[in-house]
Each structure stands twice: as structure tokens, then as C-alpha cells.
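Step one of this worksheet: look at the structure below.
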Amino acid sequence: QVQLVESGGGLVQAGGSLRLSCAASRSIESDDVMGWYRQAPGKQREWVATSTSGYYTNYADSVKGRFTISRDTVKNTVYLQMNNLKPEDTAVYYCRMRNARNEYWGQGTQVTVSS
């Protein structure tokens, strides 16, 4: 069982920045696909960004150019740098680890962007 612990959420004004962290309880392996998702009140959980080995990244259109996902395999941590935040980015943000065998989710961290 892998534990994923998110941190870094909080309250920020529109236009501000936050960096979310997702610490894994074991090494992030080359076949682990790491992703960030978010769920706003009353809405379904949606995909935000993905990072695979080889530094491949992909982003939802709504965050492209503003968010950056990265992984630090020494610290077993995945980050989501969020710049130019908008009120519509308000949500609980979740980290996900997926490979051919299993899927794991963190408990989430709240991000609130005020206008």
C-alpha cells in the first residue's frame, strides 16, 4: 500500500500562486504515472495534469500555461506549481499514482482563490 500526502493548499487572492506537494511513501518508479486532479463543490472530479517518466507532462486546457507539474524522485514528491490563480481554480486537489498494478489517491488539499 502506498500513502500519498498532499500539502500546500490554502487561501490566495486571484492572480496569486501556490505550490502543492504530494509526498509518496515509497520511491516513485519509472512506470508510475503521477497526476493531479481537482473537485470543486457540486462538480465531478476532473483531471488537471499528468507526469510520466522521461519528463513527459500534459495539462488540461483550463490550466495550460499557468500550472506546472514536476517530480522529484530523490524526495519521492510530485509538485504542482500554480500561477495566475483564478476563482474557478477553487477546489480540493488530489494526487494520484497509477501503474499497471495499482492506483492510489491522496486525501486532498483545499485550494481557495478569492476574487
Worksheet entry | Accessible area of the chain divided out per residue, in Å², using a probe of 1.4 angstrom | 53
Practice prompt. Can you check what the Kirkwood hydrodynamic radius comes to for the range 47-93, Cα pairs only, in Å to one decimal?
Written response: 11.5
Practice prompt. List the extent of the Cα atoms of the range 1-43 along each of their three principal axes, largest first, rounded to whole Å.
Written response: 35, 23, 16
Discussion item. Give me the percent of accessible area attributable to carbon and sulfur for the chain, probe 1.4 angstrom.
Written reply: 46
Worksheet item: In sequence order, what are the phi-derived ³J(HN,Hα) couplings for the range 78-92 according to the Karplus relation 6.51 cos²θ - 1.76 cosθ + 1.60 with θ = phi - 60°, rounded to whole Hz, with x for glycine and proline?
Response: 10, 10, 10, 7, 10, 10, 6, 5, 10, x, 6, 7, 4, 4, 8
Worksheet item: HN-Hα J couplings of the range 45-58 from phi, Karplus 6.51/-1.76/1.60, θ = phi - 60°, integer Hz, Gly and Pro as x?
Response: 5, 10, 6, 10, 7, 9, 10, 10, 4, x, 6, 6, 9, 8
Item to complete: Among DSSP beta bridges lying fully in the chain, give the percent that are antiparallel, nearest 5.
Response: 90
Discussion item. Under the rule of at least 5 residues apart or a separate chain, name every residue whose amide H is placed under 5 Å from the amide H of VAL48.
Written reply: TRP36, TYR37, ARG38
Worksheet item: Size of the chain along its principal axes in angstrom, Cα-based, largest extent first?
Response: 41, 25, 23
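The values are calculated or read from the model by the stated rules, or taken from the named source; none is laboratory data. Here the structure is a predicted model, which means the values were calculated and not measured. Just the protein is used for accessible areas: all its heavy atoms, side chains included, with ligands, DNA and RNA removed. Shrake-Rupley method; radii C 1.70, N 1.55, O 1.52, S 1.80 Å.
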